[in-house]
Amino acid sequence: MESVPDLQKSMYMVVDGYPCVRLVNLSGEIGCSNPGRDKVVAPIIKYKNDKELGLPSAILLSMDDVQGFFSRISNDSSFASNVAGVLVESRVEIQHKLKGFSPARKFPQAEFAPYHNTTYEWNPIGSGIMWKSYNFPVFLLSESSTSTLQEIAMKNENTEKVYTTNVAEFDVVMQTTKVGTHDSESCLKEETCLPLGGYRWLDQRGESFAALDFYASICEFYVWSAVPPINNSSSNQSKPIILTVASMDAASFFRDKSLGADSPISGLISLLAAVDALSRVDGLDNLNKQLVFLVFTGEAWGYLGSRRFLLELDQQSDAVRGLNSSLIQLVMEIGSTGKGFSQGNKTFFAHTQVSSDTNEALDALKLAQDSLKSEGVTVSNASSSNPGIPPSSLTAFLRKNSSTSGIVLEDFDTVFANKFYHSHLDDSANINSSAIVAAASLVARTLYVLASDKKDSTSSALSSINANASLVEELISCLLDCDPGLSCELVSSYITSVDTCPSHYVGVVLGEPSSTPSPNQVDDISRFVWNFLADRTSTPKGNTTVCSKDCSNNGGVCIRAETDGKGICVTSTTRYVPAYSTRLKLDSGTWKVLPPNSSDPMGMLDPVWTESNWNTIGLRVYTVQEAAYDRLVLLGGISVTVLAYLAIVLTRAYITKALKQD
């Protein structure tokens, strides 16, 4: 060993994993944190359901036992008091071995539902464990770390009477815990937390905010785009508007293992593929209705994106310039589509808020279905026994105006088909690309029928609208896998990504929200979605291909600027909008919670979610000696010293006596 770092490397093993972190709202906390200001160190043991804990321990937990373990934590205080930390194993293809795992509630965000039956179980497998507070750290291990920790736990078990043991050291100290700010209002005031929503920063929070070096250090916005582009200089904006909506943020018990493949990213991919299919149709400038595509973020945390959009519409801000809420005729939401495949058929369900415009949309869906008969695509009305629409962005529109016409297209009828809703296991293995392709073709044809008023299912124009299956496959590999992930050819043709592995966690807001951010303020996925939509909904701006100052001044946008430093100027109405709680305002650099407004029913219920700051988060493993052994060694050393001293004294006396006799 040549240096101190080499010595540390030989002594300590840094473990790869994904932490559960502390989230705070107006009424309390959820998530995980070290119990105090210090790191937690505890011996690693394998969890056994029938075994009591004799001392604080770091529990190595298999996915099969997670739900039972956290239920025991809630019901057995003596057991919980000896849980120092939790290490959750990862295994390949665990989805096939589990009946399901959803840490969300049985009715997600029931408090916002636009109807009274909030005891209905849309997610019957939901345990709700991610909505509770735990005063111990929890990590999801990577697959390689799982193997290593299993060996270490086995070694500890087989050498219980040996003087050394292997321990885990958890560094998940949350600022809200250290300072004692256990609600959003107090932690925002003391600046120990940041609001969930439109910005996601990392490594730039300063010393008291420093975060994990394996997370993105940039911001997340929601995006909207129009087909055809809206002429903001024209005063004649009278076309009825059809909003097509999807979400791009996912939630999970583990902060940055939030993929949300079926819920909601399959819907996002369907929307992007539908826009791509429509971009190849001639005559879009002559449509009778204005198509607008919205990709929200923050929907899993109180519908932040959709509520912010509606507020911006009310305020007629620059972020939504060209849109008029009175012209919105229909909201068509693409929900989960990745599991709409069974025995060769692609089956979807239309959850509706009944009105004349909704009936027109259902007729258009039926027409699109008939045109796709050869593809085995079917659309059914959701069961009348449902209490209403499932948890979706349409909720915000209905709570704002109960007469809003809307449809939510889903891959389920009465309960979620996704058995891993809001779980880290909702990954690319949990979806079927054929179902997503079918949903994209269905949506694209439905929108064409609605916007063109063409009612012939056999028309050549309608039958020519088809989603690109190769594009869907590529989007899945780019947005849901690490290989190639965000370094894939499609994403790289638009942006230079900061990260390779995608995560769809909403992130936090840092600084003044803006609808015209610089690219280095926006996260990879938001920048990609913006560039993709701007490209597919655009027309070239004259003969100029290289971006200049005149591009934005004349209603254009600059796409692909990151790839070559020049970009292409195109005519497109595509905008960023920051998503954060309507109950928050940044005042002199400090976030303030606004009083509830009776005219905003969802704002009255808004929990105002924030995420605790932290200095560092880490997990490492090393070997320590038992304290009893240390005391024994000390006692032995003292005994040897005393005996040596006595031996010296006796020997000296003996020698002195012998010399005198001589």
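Using label points projected 7 Å from each Cα along Cα→Cβ, tell me how many nm separate V41 and L55, to one decimal.
Inter-label distance under the simple model: 1.3 nm.
Residue by residue through the range 24-35, what is 3J(HN,Hα) from phi via Karplus (6.51 cos²θ - 1.76 cosθ + 1.60, θ = phi - 60°)? Round to whole Hz and write x for glycine and proline.
Residue by residue, the range 24-35 yields 10, 10, 5, 10, x, 10, 9, x, 10, 6, 4, x Hz.
Can you tell me the FRET efficiency between N381 and E121 if r is taken as the Cβ-Cβ distance and R0 is 25 Å, rounded to the nearest 0.05?
Working: r = 21 Å, r/R0 = 0.82.
Rounded to the nearest 0.05, the efficiency is 0.75.
Based on the Cβ-Cβ distance from K592 to V640, what FRET efficiency comes out when R0 is 60 Å, to the nearest 0.05?
Working: r = 67 Å, r/R0 = 1.12.
The value I calculate is 0.35.
Within the range 291-361, which trypsin sites (Lys or Arg not before Pro) sit in a loop by DSSP and count at most 14 neighbouring Cβ atoms inside 10 Å?
Sites meeting the loop and neighbour criteria: R321.
Just subtract the alpha-carbon distance of R72 and R280 from 0.36 nm times their residue separation and send over the number in nm, one decimal.
That works out to 69.3 nm of additional length.
State the antiparallel share, in %, of DSSP beta bridges confined to the chain, rounding to the nearest 5.
Close to 60 percent.
For helix 66-75, report the angle its Cα long axis makes with the longest principal axis of the Cα atoms of the chain; keep it between 0 and 90° and round to the nearest 10°.
It is inclined by approximately 70 degrees.
Over the C-alpha atoms of the chain, what are the Rg and the largest Cα-to-Cα span, Dmax, in Å?
Rg and Dmax of the chain, Cα atoms, are 29.3, 131 Å.
Calculated from DSSP H runs of 4 or more alone, at -39500 (n - 2.57) each and per residue, what is the 222 nm mean residue ellipticity of the chain, nearest 500?
So the calculated ellipticity at 222 nm is -9000 deg cm²/dmol.
Using only Cα atoms, tell me the angle between helix 143-158 and the longest principal axis of the chain; keep it within 0 to 90° and round to the nearest 10.
Around 30 degrees separate the two axes.
Which whole-Hz ³J(HN,Hα) couplings does the range 363-378 yield from phi under the Karplus relation 6.51 cos²θ - 1.76 cosθ + 1.60, θ = phi - 60°, glycine and proline marked x?
Couplings: 5, 5, 4, 5, 5, 5, 4, 4, 6, 10, 4, 5, 8, x, 9, 10 Hz.
For a protection proxy built on the mean count of beta-carbon atoms within 10 angstrom, sort 524-533, 31-40 highest first, please.
Listed from highest to lowest mean packing, they are 524-533, 31-40.
Using r as the Cβ-Cβ distance of K155 and V633, and R0 as 30 Å, what FRET efficiency do you calculate, to the nearest 0.05?
Working: r = 22 Å, r/R0 = 0.73.
It comes out at approximately 0.85.
Any chance you could run the full-extension gain for N466 through K97? It's 0.36 nm times the residue separation minus the Cα-Cα distance, nm to one decimal.
Full extension from N466 to K97 adds 129.3 nm.
Would you kindly derive the ³J(HN,Hα) couplings of the range 345-352 from the backbone phi angles with the Karplus curve 6.51 cos²θ - 1.76 cosθ + 1.60 (θ = phi - 60°), listing them in order in whole Hz, with x for Gly and Pro?
Listing the rounded values in order: 9, 10, 10, 10, 10, 9, 9, 10 Hz.
Rank by packing, highest mean first: peptides 74-80, 356-362, with packing defined as the count of other Cβ atoms within 10 Å averaged across residues.
Order by mean packing, descending: 356-362, 74-80.
Over the chain, what is the relative contact order in percent, taking alpha-carbon pairs closer than 8 angstrom and at least six residues apart?
This gives 22 percent for the chain.
Summarise the accessible area of the chain (1.4 Å probe, protein heavy atoms) by the percent that is carbon and sulfur.
Working: 13950 of 28010 Å².
Summing carbon and sulfur atoms, their accessible area is 50 percent of the total for the chain.
Could you tell me which of the pairs K39/K592; K132/K346; K239/K566; K48/K257; K189/K419 are separated by over 30 angstrom between their Cα atoms in the structure shown?
From the list (K39/K592; K132/K346; K239/K566; K48/K257; K189/K419), the Cα-Cα distance tops 30 Å for K39/K592; K132/K346; K239/K566; K189/K419.
In degrees from 0 to 90, rounded to the nearest 10, what is the angle of the helix 524-536 Cα long axis to the longest principal axis of the chain?
Once rounded, the angle reads 20 degrees.
Please name whichever of Q150, P229, F349 sits farthest to the positive end of the charge dipole of the chain, dipole taken about the Cα centre and charges placed at Cβ: Lys and Arg +1, Asp and Glu -1.
Result: Q150, furthest along the dipole toward the positive end.
Between S238 and S518, what is 0.36 nm times their sequence separation minus the Cα-Cα distance? Round to one decimal in nm.
Working it through step by step, the gained length comes to 97.6 nm.
Could you sort 92-102, 402-412 so that the peptide with the highest average Cβ count within 10 Å comes first and the rest follow in order? Don't jump to the answer; show the numbers that get you there.
Values: 92-102: 14.5, 402-412: 22.3.
For the peptides 92-102, 402-412, the packing ranking is 402-412, 92-102.
How much area per residue is accessible in the chain when the probe is 1.4 Å and only protein heavy atoms are counted (Å²)? Mind showing how you got there, number by number?
Working: 28010 Å² over 662 residues.
Ligands and nucleic acids excluded, the figure is 42 Å² per residue.
The values are calculated or read from the model by the stated rules, or taken from the named source; none is laboratory data. A quick note: this is a predicted structure, and the numbers were derived from the prediction, not measured. All Cβ positions, glycine included, derive from the backbone under ideal geometry; neighbour counts span all protein chains shown. With ligands, DNA and RNA removed, areas are computed over all heavy atoms of the protein, side chains included. Shrake-Rupley method; radii C 1.70, N 1.55, O 1.52, S 1.80 Å.
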